[in-house]
Amino acid sequence: MPGKYKLHRQYPRKPLLLFNPLALNNSGRVAVYFETTMKMAMRVAVIRKGHFNAAYRLYRPDWSDERNREVFGICSHPNFHGHNYEFDVRVTGEVDPETGIVIDLKKLKELIETHVELPFDHKNLNLDCPEFANSIPTAENICMEIYHRLRQVLPPDLDLHIRLSETPRNFVEFPA
């Protein structure tokens, strides 16, 4: 239906100035408000992709094979199966005015390789990774494990978000 929807620019060409009606009474408030607004505007997300191949089996040992098949389908096959996992690590923070960066991408690459790719790549998650000795290696649990591994080694002032793709059509994110 042509003309039904109006197109709009996603990003205005001029900077958007926010107005605080409380700022009219005190010029100090204007400066604090402007400084706070500018700091929020300087937050940028840096995203690095990662990859690993891993085998696993989704099953609960306290359930019968039949029950595991009902709940987990082919993922409960006793001889395991695997995926080529792709994941995005999104680190969000303020741009350092001195360097112009949020995080050194070389450092982020090294953290991902050391704490995620090397421990999981070409592994059987059930047998080779103690993290999954007492939890089922679902995409959700793998995603949360990646998050916790990287959260421990990233500066606390940076926000972290993980998106894990098990297949091109199935992915999970943490935090949600």
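Nothing in this text is a laboratory measurement; each read-out follows from the coordinates by a stated rule. None of the values given here were measured: they were computed from a predicted structure. In this analysis, Cβ positions are derived from the backbone assuming ideal geometry, glycine residues included, and neighbour counts consider all displayed protein chains.
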Listed with the fewest Cβ neighbours within 10 Å leading, D88, D157 appear as D157, D88
Expected sort for T92, T167 with the fewest Cβ neighbours (10 Å cutoff) up front is T167, T92
Whole-Hz Karplus couplings 3J(HN,Hα) for region 171-176, θ = phi - 60° and coefficients 6.51, -1.76, 1.60, Gly and Pro as x, run 8, 10, 9, 9, x, 7
Quick note, region 44-174: a/c under 1.5 would make it rounded; otherwise a/b > b/c is prolate and the rest oblate (a ≥ b ≥ c, C-alpha gyration tensor); here it is prolate
